[in-house]
1. Within segment 397-413, which residues are modelled with pLDDT of 95 or more and either crowded, with 21+ Cβ neighbours inside 10 Å or among the charged types (D, E, K, R) (or both)?
2. Of the residues Met110, Met122, which is surrounded by fewer than 19 Cβ atoms within 10 Å (Cβ to Cβ) and either at pLDDT below 95 or under 26 Å from Tyr144 (Cα atoms) (or both)?
3. For segment 171-210, enumerate the residues that are open to solvent by 10 Å² or more (accessible area, probe 1.4 Å), under 16 Å from Gly142 (Cα atoms) and touching a residue at least 60 places away in the same chain (Cβ under 8 Å).
4. Here's a check for you: in segment 26-40, which residue that is buried (at least 21 other Cβ atoms within 10 Å of the Cβ) and touching a Phe, Trp or Tyr at 6+ places or on another chain (Cβ under 8 Å) is nearest to Asp412 (Cα to Cα)?
5. So, in segment 278-296, of the ones that are part of a loop (DSSP other than H, G, I, E, B) and under 24 Å from Leu205 (Cα atoms), which residue ends up most open to solvent (accessible area, probe 1.4 Å)?
6. Report every pair of residues separated by at least 6 positions or lying on different chains whose Cβ atoms are under 6 Å apart, first residue within segment 1-24 and within 23 Å of His387 (Cβ to Cβ), second surrounded by fewer than 16 Cβ atoms within 10 Å (Cβ to Cβ) and among the β-branched types (Val, Ile, Thr).
7. Can you tell me how many residues in segment 212-222 are open to solvent by 10 Å² or more (accessible area, probe 1.4 Å) and within 22 Å of the chain's Cα centre (by Cα)?
8. Which ones in segment 368-396 are aliphatic (A, V, I, L, M), more than 21 Å from Arg246 (Cα to Cα) and either open to solvent by less than 10 Å² (accessible area, probe 1.4 Å) or assigned to a helix (DSSP H, G or I) (or both)?
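The values are calculated or read from the model by the stated rules, or taken from the named source; none is laboratory data. Quick caveat, the model's predicted, so the values are computed rather than measured. Here the Cβ positions follow ideal geometry from the backbone for every residue, glycine too, while neighbour counts run over all protein chains shown. Heavy atoms of the whole protein, side chains included, go into the accessibility calculation; ligands, DNA and RNA do not. Shrake-Rupley method; radii C 1.70, N 1.55, O 1.52, S 1.80 Å.
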Amino acid sequence: MRYQRSSALFAEAQIYLPGGVNSPVRAFKGIGGTPIFIEKAKGAYMYDADGNDYVDFINSWGPMILGHAHPRVTQAIIEQVEKGTSYGTPTELETEIAKLVVESVPGIDMVRFVNSGTEACMSAIRLARGFTGRDKIIKFAGCYHGHSDSFLIEAGSGVATFGKPNFPGVTQGTAKDTLLANYNDLENVKAIFEQNSSEIAALILEPVAGNMGCIPPQEGFLEGLRELCTQHGALLIFDEVMTGFRLAMGGAQELFGIQADLVTFGKVIGGGLPVGAFAGRKEIMEYLAPIGPVYQAGTLSGNPLAMRAGLTTLQILKENPEYFEKVNQSTLALGEEINNILIEKGIAHQINLIGSMLSVFFTETDVNDFETAKTAHNSNFNKFYHHLLQNGVYLPPSSFETWFISTAIGYDEIERTLSAIEGFEV
């Protein structure tokens with residue numbers, strides 16, 4: 001494939017945008033080369049500015065579980081645009097989608113909509129601190145909860161890709177209130193609670209880690225965290241920005257049978273438009289302004305375009321529960337076949353998958369936390385990435401990111417992907 005137009009667009013973008021992008025991992029710094037500029041997308045495919053087409057395993061980093069430009073979602077957005085794009089006032093749409101979320105997700109009574117997953121996680125932490133009267137939080141190495149100051153401590157995702165553990169602009173005062181734990185290491189978390197018991201407002205984690213690659217929780221890990229938080233009076237926060245409405249209609253809480261105190265959402269909940277949300281039990285959520293003392297606000301929160309896109313997407317998933325089984329089976333088949341091909345080639349690797357999330361790590365080590373994820377040979381992933389790109393398959397451009405599979409991925413797309421991998425050599 002040739003990328004003259006993308007190269008020219010990137011050169012121009014670098015004049016006006018820092019690094020030529022509006023989110024760092026898009027710059028291809030971790031894998032080398034020039035980022036591809038996408039012109040349009042439909043179903044399972046994206047099409048770049050040079051006319052190349054790709055089977056898409058990024059799906060806008062997760063939101064497009066139904067594939068791109070789903071006709072019903074697209075029509076709903078068009079109908080809403082004709083009514084206006086933003087009012088700055090309450091709308092019935094906000095209540096409709098909130099009701100559907102509460103009905104679908106275990107253990108929550110109320111929802112507050114915001115504009116991104118970062119904003120949702122930042123606000124959930126503020127609410128947890130206000131509700132408990134405590135300052136400290138526990139986060140896990142390799143888990144990424146957006147770029148709010150409290151979370152840029154050993155974060156995964158683009159932070160890991162760029163290899164920057166310390167960040168100018170994040171104060172020591174902020175950093176000292178973030179306690180770092182090891183994912184899938186319950187004894188480590190116990191020790192942190194014992195040392196800081198009366199000071200911890202909340203523990204936040206991705207119930208399935210997706211920002212150090214896909215890393216599912218080990219048996220008993222989430223249950224143990226729930227017990228520790230209850231014992232020490234801290235709130236358990238599930239960051240379900242990736243897993244919400246993707247692993248199941250009720251997200252990870254439904255899948256694993258664990259109820260968090262607060263849950264954050266993004267991606268699928270907005271149907272591809274910028275949306276985030278946080279939700280929880282009534283007594284916690286009523287600590288929010290305007291009825292409680294914890295302030296949070298946003299001019300575009302509950303934007304009618306985003307609410308309509310998200311509501312329509314969730315309605316489709318609710319009406320078609322078999323979609324989850326379909327996409328899960330596609331992901332499982334894809335993972336098994338990739339595993340078989342790489343075994344035949346004698347290429348050291350690990351494949352982690354759960355639901356419609358999947359990652360390939362080029363390492364002999366079982367990957368169950370950030371340290372083991374970092375044992376993977378990034379040079380092999382970089383070769384793998386560019387080989388697949390040249391053969392019309394688009395992956396997240398970082399070894400620390402999860403592939404997201406959509407219901408639009410079918411037999412033809414899987415065969416095209418496997419055929420590309422057949423030609424891969426390290």
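1. First pass over segment 397-413, keeping only residues modelled with pLDDT of 95 or more: 402-413.
Within segment 397-413, Thr402, Trp403, Phe404, Ile405, Ser406, Thr407, Ala408, Ile409, Asp412, Glu413 meet the criteria.
2. Numbers: Met122 fails: surrounded by fewer than 19 Cβ atoms within 10 Å (Cβ to Cβ).
The conditions single out Met110.
3. Selection gives Asn182, Asn184, Asp185.
4. Ile36
5. In the first step, residues of segment 278-296 are kept if they are part of a loop (DSSP other than H, G, I, E, B); the result is 281, 286-287, 289-293, 295-296.
Subset that is under 24 Å from Leu205 (Cα atoms): 281, 286-287, 295-296.
Numbers: Arg281: 70, Glu286: 69, Tyr287: 78, Tyr295: 151, Gln296: 18 Å².
Across segment 278-296, the extreme among qualifying residues is Tyr295.
6. Ser7/Thr34; Phe10/Thr34
7. Initially, segment 212-222 is screened for residues open to solvent by 10 Å² or more (accessible area, probe 1.4 Å), giving 216-220.
In the following step, the residues that additionally are within 22 Å of the chain's Cα centre (by Cα) were identified as 216-219.
Residues flagged as open to solvent by 10 Å² or more (accessible area, probe 1.4 Å) and within 22 Å of the chain's Cα centre (by Cα) within segment 212-222 amount to 4.
8. We begin by selecting, within segment 368-396, every residue aliphatic (A, V, I, L, M); these are 373, 376, 388-389, 393, 395.
From what is left, the residues that are more than 21 Å from Arg246 (Cα to Cα) are 373, 376, 388-389, 393.
Ala373, Leu388, Leu389, Val393, listed by residue number.
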